[in-house]
Every structure is written in C-alpha cells, then in structure tokens.
Amino acid sequence: MTNNALRAAINADEAVFGASAATFSPTVIEVFGDLGLDFVWLDLEHGGPSPYDSTALEELTRAADVADIELLVRIPMPEPSIVRKVVDAGVRTLLIPRIETAAELQPAVEAAYFSYDGDVGDRGVGIGRGSRWAGYDDSHVGSADADVLVGTMIENKRALENLDSILSVPQLGFAFLGPADMEMSMSGGDPLQKSPAAVSKGIDDTLAACLDADVPAGRILNDPDAAVSAVEDGFQIVRIGDDIGAIRAILSDRLAAVTE
C-alpha cells in the first residue's frame, strides 16, 4: 500500500489543489497526475459508474496509482455499504454528501475504518484491490486506517445549524462546502431565489467553525486569484477546475480565433 499523500499534506497544514474528471477517464486521471495536481475529484453522486461497480472503480484507482495522484470520490449518499464497497476497491479519500446531522454522518465515517473512536470500526475484512488482492493481515489493517480520509459536504441550511456537532464526529477528515445547494436550501421554496448574503455568511461561518474544530475545509474556486485568497483565509482543499470546463474554455477560444 502506498501512503495517502492527500491526507499527509492536509495533516501537515498544507494546501492541496485538484480538479474534477467529469469524464471518469483513466487517461484524464493520468494527465492530471502528470500536471502535478494533488487530487482528482470523481463525483459518483451526479454521474459516473455505480459505486457498487468494483471493476470500474479498480480501473480508476489503478490509473491514480500510475499517475501518483489521489482520488477524492464523492459517493451518492451516506450509506455504510457504499463506503465499504468503495474503500475495498482501493479508494482512500471519500466525500459524504447529503448530510444534515452528526447522526447521519457518523455511521458512514465509521464504515471506512477497522478501528473507530477507541473501538472496533464498521469496515469488514475482505479481499479486494484495497488490500492488493491478498486479504488482510494485522499490519495491513493498521496501515489501511492510517491511509483513509473521509470528509463531509456542508451544503444545506440544516447542516449549518448543526455544524458544531457534525464537525465533532470522530475521525472526520475534512469538510467541503457546497454553496450552490446551500443557496437552494435557503430559497424558501423557490429554487431560483438567490441569497448571496446568506450564502456568504454560511461560507464564513463554516470556515470559522472548521478552523475552531481543527477540521480542514475545502471549496471549489476556478479563479486562481480567488483560490489563492481562499488558502490565505484558511481553506486547505481547493478544486480549481474540471476536464470538461478546460476543454470548452481552451477549444472555444481557439475555434473563435481561427474562424474570425
């Protein structure tokens, strides 16, 4: 097993930068690694293969290993069986969405660990790519826990109301902001109703609470200057783009230049 460099970096109070691979292409994952990014965001909540499809996940984790880059995988829901399936396929960094309370989050975090909060965790012993196909011995069980990193989305009004208790869930590795869904949850029933001031306050409150709780915080910022400012403010995990957006931006400019 190789070490989770993403977990090591944020534990050392370093900032990490990544990009989303909306195509779920192993080739794109290798390119991102070659560029020197720290992580590839794979969003199984809104696209990609089923989180239960170990064969598909193994191809993605294999590409990440070749490229020396970490996968950050958002699963569809806080379901412990999905967590166990994904970590057994070799994914070490997971992001749990749709969280409103600590009670919803805690079972999902526990499912990623053999040892949890001073007791036995809820991850089962099995043979998969996460164990390099060889099953588990005592030394591997301990090292596997040291490599796992589980985060939660903070993306709705109720999560903001329960922020302190959510951030106190044992072995929570980070919190990631979802301002678009946060804004919709504040809309009062009209999803087109925008609340920029409330969302801005939610972002500030989340970062302050994360800093107080010593939980690394993350967000999406495609503008480089905004990303640098966010790191200076205390964010450690920043997604700075995606493969589809990069293709559109570069090729649309080039097409316009050659067709004028």
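Some values worked out for this structure:
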{"item": "Probe 1.4 Å, all protein chains present, accessible-area order of F17, F176, largest first", "result": "F17, F176"}
{"item": "For the stretch 187-239: span of alpha carbons on each principal axis (Å, largest first)", "result": "33, 27, 15"}
{"item": "Simple Cβ-charge dipole of the chain, Lys/Arg +1 and Asp/Glu -1, about Cα centre, in debye nearest 20", "result": "520"}
{"item": "Percent carbon-and-sulfur accessible area, the stretch 137-195, ignoring ligands, DNA and RNA, probe 1.4 Å", "result": "52"}
{"item": "Once the Cα gyration tensor of the stretch 71-211 is diagonalised, semi-axes √(5λ) in Å", "result": "32, 14, 11"}
{"item": "Within the accessible area of the stretch 1-106 (1.4 Å probe), percent carbon and sulfur", "result": "49"}
{"item": "Per residue, in Å², the accessible surface of the chain once ligands and nucleic acids are set aside, probe 1.4 Å", "result": "47"}
{"item": "3J(HN,Hα) from dihedral phi, the stretch 149-160, Karplus parametrisation 6.51/-1.76/1.60, rounded to Hz, x for glycine, proline", "result": "9, 10, x, 10, 7, 10, 9, 8, 4, 5, 4, 4"}
{"item": "Under-5 Å amide H pairs with S115, H placed in peptide plane, nonlocal only", "result": "G121"}
{"item": "Cα Rg, Dmax (largest Cα-Cα span) when computed across the stretch 139-260, Å", "result": "18.1, 63"}
{"item": "Descending semi-axes in whole angstrom, ellipsoid equivalent of the stretch 26-132, from the Cα gyration tensor", "result": "24, 15, 13"}
{"item": "Set of lysines near K157 by C-alpha distance (under 18 Å), chain-local residues within fewer than 8 positions excluded", "result": "K194, K201"}
{"item": "Loop-resident sites, the stretch 1-96, for GluC sites (Glu not before Pro), counting at most 15 other Cβ within 10 Å (DSSP)", "result": "E14"}
{"item": "Cα-based equivalent ellipsoid of the chain: semi-axis lengths in Å, sorted from largest, via gyration tensor", "result": "28, 25, 17"}
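The values are calculated or read from the model by the stated rules, or taken from the named source; none is laboratory data. Treat the numbers as computed from the prediction; the structure is a model and nothing was measured. For neighbour counting, all protein chains shown are included, and Cβ atoms are generated from backbone atoms with ideal geometry for every residue, glycine included. Areas reflect the complete protein model, heavy atoms only, side chains present, ligands, DNA and RNA absent. Shrake-Rupley method; radii C 1.70, N 1.55, O 1.52, S 1.80 Å.
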